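Undergrad: Supplied in structure tokens, the structure appears directly below.
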Amino acid sequence: MSGTEAGRTGRRPSSRIASPPGGGAGLGAWRREPSTLVRQAAPLPRGAAAPFVIIAQSQVPGAPTEWEPHAHPAHELVWVRCGALTARVGDRVLTVSEGCGLWVPAGEVHAGRLTAQAELHTAFFAPDRTPVAFEGPTAIAMTPVLESLLMYLARTDLDVGARSRAEAVVFDVLEPSRPQLALRLPGDARVDVIADALLRDPAEDRSLEEWARDLGTSPRTISRAFRTATGLSFAQWRQSLRIHRALTLLSEGCEVQDASEILGYAQTSTFIDAFRRVMGTTPGTYFGASRAAADRNPVSGVRKS
């Protein structure tokens, strides 16, 4: 997700993905806060013209940044510091915060939104020279070892032997993370209006029965549609969406209590319990661990783009 600035626009921030002509959630086109940078991604970064195995780079846009829908001829691994990236890949929404990366297979169309002041790091892997494979978009555990290796590989002064040795270790330590926080969008006309409203405002608190009444259908129909399309109940889907938004808010420095209120929770403890159910730990523990890992891994020297 690297490229050149295409324009700016100003609107309130939101996690909503706008609908393209004909209806349905589209890739990218988020509601934008002021000074958002809108970029078109280059197929590959500079320096990738020659044969390569792994090529890495980083950038700090300094403002909220969006990348329009695009694909790369190489696998892409993206991770962040001091912020979060929300990506749309196919029918899934994925959120990347510190300690976690996102693997996007070559040729997979994706779009993304980066929070203000976040450091964005990317590494591209030549498909024909990469001995590991993931079936689709995959959350990757960004351990200090993996991150250090990739930042080391961003140097331009490495000889062939040093680069080859580092790349071999990258492939040894490249592992999926747990949990895999990917939210599938319904893609079902019976409930897409509900998903769209919740993407626009995750704090929307209409109950299943209220939605059924407003849409002229039954709670059972809505429940079945969500379960069939996403594998989650309506309540579980809304909870997962709220946690996606919480990761972004907390990554930007929002306090837990404030994030809880923004997301519509009456009690902070209820929000913490929901976060634990989805992420397996509390917000404080989750972000404390990722920031401690970042502090232990202050490797720099990545080429800026």
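The values are calculated or read from the model by the stated rules, or taken from the named source; none is laboratory data. Bear in mind that the values here come from a model prediction, so they are computed numbers and not experimental data. Don't worry about glycine lacking a Cβ; one is built from the backbone with ideal geometry, like all the others, and counts go over all protein chains shown.
Undergrad: When only residues in the stretch 230-261 that are among the aliphatic types (A, V, I, L, M) and within 14 Å of Leu198 (Cβ to Cβ) count, which is surrounded by the fewest Cβ atoms within 10 Å (Cβ to Cβ)?
TA: The initial filter retains those residues of the stretch 230-261 that are among the aliphatic types (A, V, I, L, M), namely 232, 235, 241, 243, 246-247, 249-250, 256, 259.
Applying the additional criterion that residues be within 14 Å of Leu198 (Cβ to Cβ) yields 232, 235, 241, 243, 246.
On the way: Leu232: 17, Ala235: 12, Leu241: 22, Ile243: 23, Ala246: 28.
The qualifying residue surrounded by the fewest Cβ atoms within 10 Å (Cβ to Cβ) is Ala235.
Undergrad: With respect to Ala106, determine if the residue is in a loop (DSSP other than H, G, I, E, B), among the aliphatic types (A, V, I, L, M) and modelled with pLDDT under 90. Give the steps one after another, and end with the answer.
TA: Working: in a loop (DSSP other than H, G, I, E, B): yes; among the aliphatic types (A, V, I, L, M): yes; modelled with pLDDT under 90: no.
So Ala106 fails the test.
Conditions tested, residue by residue: (1) among the basic types (Lys, Arg); (2) touching a strand residue (DSSP E or B) at 6+ places or on another chain (Cβ under 8 Å); (3) modelled with pLDDT of 95 or more.
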site	(1), (2), (3)
Asp172	no, no, yes
Ala189	no, no, no
Leu199	no, yes, no
Ser218	no, no, yes
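Undergrad: In this structure, does Phe271 turn out to be modelled with pLDDT of 95 or more, buried (at least 22 other Cβ atoms within 10 Å of the Cβ), part of a helix (DSSP H, G or I) and touching a Pro at 6+ places or on another chain (Cβ under 7 Å)?
TA: Details: modelled with pLDDT of 95 or more: yes; buried (at least 22 other Cβ atoms within 10 Å of the Cβ): yes; part of a helix (DSSP H, G or I): yes; touching a Pro at 6+ places or on another chain (Cβ under 7 Å): no.
Against the criterion (modelled with pLDDT of 95 or more, buried (at least 22 other Cβ atoms within 10 Å of the Cβ), part of a helix (DSSP H, G or I) and touching a Pro at 6+ places or on another chain (Cβ under 7 Å)), Phe271 does not qualify.
Undergrad: Can you run down the residue pairs with Cβ atoms below 7 Å, 6 or more apart or on separate chains, where the first is in the stretch 71-93 and at positive phi and the partner is in a strand (DSSP E or B) and surrounded by fewer than 21 Cβ atoms within 10 Å (Cβ to Cβ)?
TA: Note: pairs meeting the criteria are Cys82/Glu119.
Undergrad: Same structure, new question: Can you give me the number of residues within the stretch 183-229 that are in contact (Cβ under 8 Å) with a residue 24 or more places away in the chain and either surrounded by 15 or more Cβ atoms within 10 Å (Cβ to Cβ) or within 23 Å of the chain's Cα centre (by Cα) (or both)?
TA: Summing the residues that are in contact (Cβ under 8 Å) with a residue 24 or more places away in the chain and either surrounded by 15 or more Cβ atoms within 10 Å (Cβ to Cβ) or within 23 Å of the chain's Cα centre (by Cα) (or both) in the stretch 183-229 gives 24.
Undergrad: Is it the case, given these coordinates, that Ala87 is hydrophobic (A, V, I, L, M, F, W, C), crowded, with 23+ Cβ neighbours inside 10 Å, at pLDDT below 95 and not in a loop (DSSP other than H, G, I, E, B)?
TA: Values: hydrophobic (A, V, I, L, M, F, W, C): yes; crowded, with 23+ Cβ neighbours inside 10 Å: yes; at pLDDT below 95: yes; not in a loop (DSSP other than H, G, I, E, B): yes.
Judged against the criteria, Ala87 is a match.
Undergrad: I'm trying to understand the selection: among the residues of the stretch 58-75, which are more than 18 Å from Thr36 (Cα to Cα) and surrounded by 22 or more Cβ atoms within 10 Å (Cβ to Cβ)?
TA: Ser58, His72, Ala74
Undergrad: Please give the strands (runs of 3 or more DSSP E) falling wholly within the stretch 116-189 in which 2 or more residues are under 15 Å from Leu77 (Cβ atoms) and of a type in the set (Val, Ile, Thr). Full working, then the answer.
TA: Values: elements: 119-125, 138-141, 182-184.
Because the criterion is at least 2 residues that are under 15 Å from Leu77 (Cβ atoms) and of a type in the set (Val, Ile, Thr), the strands (runs of 3 or more DSSP E) in the stretch 116-189 that meet it are 138-141.
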